[in-house]
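Novice: Would you mind keeping the following structure in view while I ask a few things?
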Amino acid sequence: MLAPPANHDAPLVPVPGAPIHPGWLRIMHWLNALAVVIMVTSGWRIYNASPLFDFVFPREITLGGWLGGALQWHFAGMWLLFFNGVLYLAMNLATGRLWRKFFPLSVRGVAADLGAALRGKLAHADPRRYNQVQRLAYLFVMLDIAVLVLSGLVLWKSVQFSLLRELMGGYETARRVHFTAMALLTAFVAVHLVMVALVPRSLIAMIRGK
Ligand code: HEM
């Protein structure tokens, strides 16, 4: 827990003994990671049944065994992803954590932190504070998952969600939007895992809170 700063640029003032990541956040992060793995790997199996492009995903890295099984995993994972995501956003908004952790954010700040990171000079002294590149990446992945859910709704119930379908440019475009958002999410996870491997103590904090 953190005492709210007077302005967003002010350093965060940790409450003594408070975890770096609150318990609810850690539980939701890991539930989200589980849901994402289920959704992506079962989604690859569903894709293989009717590929959009000139390739299929290797069977060994897909979930569900066959189309029917993969669809069941996808729909089960969907509820976890959706409710966990809504609760995560609600908690972040209600506690003001969203503004404290992810803002301010500026093009100049991202460029400066990215430059420092590429030169190996980005400091990780304060694990409570995300740098601007992390802020951008985490906000991006929240938005990306929202796009995945919305385009998924169109593919699932395209008649019932006809307005959403039309806003997305029709069923076929929604399919491409869904695929692109999946590819971006997969890219995020790959970079995220490399970053965690580079700063292993951040993983301990996401597991134990300290
Ligand atoms: C699979 C999908 C995943 C997604 C979408 C995801 C997303 C996120 C997001 C949005 C945050 C910021 C959370 C917040 O402060 O509100 C975060 C933090 C973090 N995630 Fe993930 N994550 C995923 C998987 C993983 C995995 C598999 C690991 C570890 C093996 C991991 C380790 C971490 C750590 C250590 C942090 C804290 C980073 C820091 O303090 O610098 N994540 N993740």
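Novice: Scanning for something within 21 Å of HIS192 (Cβ to Cβ) and open to solvent by 40 Å² or more (accessible area, probe 1.4 Å), does the range 50-57 turn up at least one residue?
Specialist: No, the range 50-57 has no match at all.
Novice: Kindly indicate the residue of the range 55-99 that is in a helix (DSSP H, G or I) and among the small types (Gly, Ala, Ser) and also farthest from TRP24 (Cα to Cα) among those meeting that condition.
Specialist: The selected residue is GLY68.
Novice: Show the residue pairs that are 6+ apart or on different chains and have beta-carbon atoms under 9 Å apart, the first residue being within the range 182-210 and on the phi > 0 side of the Ramachandran plot, the second being more than 8 Å from the ligand (Cβ to nearest atom).
Specialist: From residues that are on the phi > 0 side of the Ramachandran plot, the pairs are GLY209/ALA18; GLY209/PRO19; GLY209/PRO22; GLY209/GLY23; GLY209/ARG26.
Novice: Same structure again: Contact list please: Cβ distance under 8 Å, first residue in the range 151-163 and free of Cβ contacts under 8 Å to residues at least 40 places away in the same chain, second residue part of a loop (DSSP other than H, G, I, E, B), pairs at least six apart or on different chains.
Specialist: SER151/MET168; LEU153/PHE161; VAL154/PHE161; VAL154/MET168
Novice: Give me the residue from the range 113-137 that is hydrophobic (A, V, I, L, M, F, W, C) and in a helix (DSSP H, G or I) and, out of that set, nearest to the ligand (Cβ to nearest atom).
Specialist: First, the residues of the range 113-137 that are hydrophobic (A, V, I, L, M, F, W, C): 114, 116-118, 122-123, 125, 133, 136-137.
Among the residues that remain, those that are also in a helix (DSSP H, G or I) are: 114, 116-118, 133, 136-137.
Working: LEU114: 15, ALA116: 15, ALA117: 12, LEU118: 17, VAL133: 11, LEU136: 11, ALA137: 8 Å.
Filtering the range 113-137 for residues that are hydrophobic (A, V, I, L, M, F, W, C) and in a helix (DSSP H, G or I), the one nearest to the ligand (Cβ to nearest atom) comes out as ALA137.
Novice: Follow-up question, since we're still on this one. Check the range 138-161 and report whether any residue there is open to solvent by 60 Å² or more (accessible area, probe 1.4 Å), at pLDDT below 95 and part of a loop (DSSP other than H, G, I, E, B).
Specialist: Within the range 138-161, none of the residues are open to solvent by 60 Å² or more (accessible area, probe 1.4 Å), at pLDDT below 95 and part of a loop (DSSP other than H, G, I, E, B).
Novice: Still on this model: When you go through ASN84, ASN131 one by one, which is the residue that is touching a Gly at 6+ places or on another chain (Cβ under 9 Å) and either more than 25 Å from ALA35 (Cα to Cα) or in contact (Cβ under 8 Å) with a residue 40 or more places away in the chain (or both)? Talk me through it step by step, then tell me what you get.
Specialist: Numbers: ASN84 fails: touching a Gly at 6+ places or on another chain (Cβ under 9 Å).
Step by step, each of ASN84, ASN131 is checked, and only ASN131 is touching a Gly at 6+ places or on another chain (Cβ under 9 Å) and either more than 25 Å from ALA35 (Cα to Cα) or in contact (Cβ under 8 Å) with a residue 40 or more places away in the chain (or both).
The values are calculated or read from the model by the stated rules, or taken from the named source; none is laboratory data. Everything numeric in this text was worked out from a predicted model, so none of it was measured. No Cβ is skipped: glycine too gets one built from the backbone with ideal geometry, and neighbour counts run over all protein chains shown. The protein model used for the area step is the full one, side chains on, heavy atoms only, and it has no ligands, DNA or RNA in it. Shrake-Rupley method; radii C 1.70, N 1.55, O 1.52, S 1.80 Å.
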